[in-house]
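Enquirer: Below is the structure I would like to discuss, written out as C-alpha cells.
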Amino acid sequence: MSKQAITPEQWYKINLYKNWLRDVKKYPESTIKTYASVITSLPDIITTDTIIKLLETKKGIYYWMPALKRYCEYEKINNVDWAIIKNAVKWKQPEKSIIKKHLSLIEIKKLAENISEPYNYIVKLQFELGCRIREVINIQRENITLDQMDNMLKISFQEKGKKIRTVYVSSLELDKWLKQYVGSKGYLFYQDTERTEENIRILYSNILFEEKKKGKEILDTDISTHWFRASRIIFLLEQGYDLRTIQRFTGHSSLELLEWYLRQAGFDSKAIIQKERVKELIKW
C-alpha cells in the first residue's frame, strides 16, 4: 500500500482496520493512529523478506514490529516468520528518558501555601489520600469519622472503580481543619452552593486552573492533577514502606499497576516488584 497513491478504497480499508483495533483490540486512539500510519507504507506483497526490507529502510523504528504483527493478524497473513525478522533487523530502541511526573513533599507544601481556600485543602487531600480530584470533591462529611481508639481522623471515599477506600489522616493541619465537619451532613466542598452537575464542573475546572497556574508560577512546572497520587506513592516508597503496604493504601488490585508510578520516578520498577515477589515466596 503506497503512501504516495492511496485510493478511496484503500482509505476505506484502513478505516475498517482502525475500527477493528478500536472494537476488538480495545486500543487507545493514539495507538490506533500510529498503527494505521504504519500500514500505509506496506508493500503490495507481504512476506518475511519484504517486511525486512521495509524495516531496514525505516532503520528499525521500534514500534513498527508490533504494528506490522497486528496488521498481519487482522488480514490473517500467516506466511511471515517474525523470529527471522527480529534477528535480521538491527532495532533502534527508544531513548529512555525520565520525565518528571511527581512532586516532592516540599514542592507540594509550597504549592498549597500559595493557593487560596478551598483549593489549598484539595491539594493537601489529594496528596494525603493519594487520590484523584473527583474523589476529593465527592467526599461527604458524614464519611469523616474519629477513631476513638487511636484518636485519629479517617476518611472513607469512593474510588474510580466504585470501591470504598478508607485512609487515616496523618497531617495535623488537615486533622484540625477536618474535625469541624465530623458529625455534620453534606459534601465537604459544597458548603455554600448547591451540588449540581454544573457546580461540580465549575469546581473541577477551577481546581485544575489553580493547580496549573500556581504550578507554573511557583514551581516553574506544568503539573498534572494526577501527579499528587503519584507523589504520595513515591513519598511512601522513599519513606521505606513496602509495595504491599503501598498497594493496600492506594487500592491498586496488583503490584504491576504500581509499576507506572515507580518507572516515572526513575526507579527500576521491575526489579522492585520482583524483589517484593521473592520476599513473599520465602515467608514461612
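Enquirer: Taking ILE115, is it crowded, with 20+ Cβ neighbours inside 10 Å, in contact with a helix residue (DSSP H, G or I) (Cβ under 8 Å, 6 or more places away or on another chain) and more than 28 Å from HIS252 (Cα to Cα)?
Expert: Considered against the rule, which asks whether it is crowded, with 20+ Cβ neighbours inside 10 Å, in contact with a helix residue (DSSP H, G or I) (Cβ under 8 Å, 6 or more places away or on another chain) and more than 28 Å from HIS252 (Cα to Cα), ILE115 comes out as yes.
Enquirer: Quick check on GLU217: is it over 21 Å from ARG248 (Cα atoms), surrounded by fewer than 16 Cβ atoms within 10 Å (Cβ to Cβ) and among the acidic types (Asp, Glu)?
Expert: yes
Enquirer: Cβ contacts < 9 Å: first residue surrounded by fewer than 13 Cβ atoms within 10 Å (Cβ to Cβ), restricted to the stretch 171-191; second residue assigned to a loop (DSSP other than H, G, I, E, B), any location; separation 6+ or different chain. Result?
Expert: Final answer for the pair search is GLY186/ARG195; GLN191/PRO118.
Enquirer: In addition: Can you find, within the stretch 197-254, the residue that is farthest from LYS162 (Cα to Cα) among those that are in a loop (DSSP other than H, G, I, E, B) and more than 17 Å from the chain's Cα centre (by Cα)?
Expert: ASP220
Enquirer: Output the number of residues of the stretch 5-58 satisfying the condition of being under 17 Å from GLU73 (Cα atoms), charged (D, E, K, R) and in a helix (DSSP H, G or I).
Expert: Residues that pass the stated criteria total 4.
Enquirer: Considering only residues of the stretch 130-164 that are touching an Asp or Glu at 6+ places or on another chain (Cβ under 9 Å) and free of Cβ contacts under 8 Å to residues at least 60 places away in the same chain, which is nearest to LEU174 (Cα to Cα)?
Expert: Result: LEU153.
Enquirer: Only one of these is within 25 Å of GLU210 (Cα to Cα), touching a strand residue (DSSP E or B) at 6+ places or on another chain (Cβ under 6 Å) and hydrophobic (A, V, I, L, M, F, W, C): ILE122, ILE139, ILE144, ILE133. Name it.
Expert: ILE139
Results for (1) surrounded by 12 or more Cβ atoms within 10 Å (Cβ to Cβ); (2) modelled with pLDDT of 75 or more, shown as yes or no for each residue.
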| position | (1), (2) |
| --- | --- |
| ALA5 | no, no |
| LYS26 | no, yes |
| LEU42 | yes, yes |
| TRP82 | yes, yes |
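Enquirer: May I ask you to say which residue of ILE32, ILE98 is surrounded by fewer than 14 Cβ atoms within 10 Å (Cβ to Cβ) and either modelled with pLDDT of 85 or more or at negative phi (or both)?
Expert: None of the other options fit; the residue is ILE98.
Enquirer: Identify all residues within the stretch 147-169 that are farther than 17 Å from GLY251 by Cβ, modelled with pLDDT under 85 and in contact with a helix residue (DSSP H, G or I) (Cβ under 8 Å, 6 or more places away or on another chain); write none if there are none.
Expert: Passing the criteria: only MET152.
The values are calculated or read from the model by the stated rules, or taken from the named source; none is laboratory data. Note that the structure is predicted; figures quoted are calculated from it, not measured. Because the Cβ atoms are built from the backbone with ideal geometry, glycine has one as well, and the counts that use them run over all protein chains shown.
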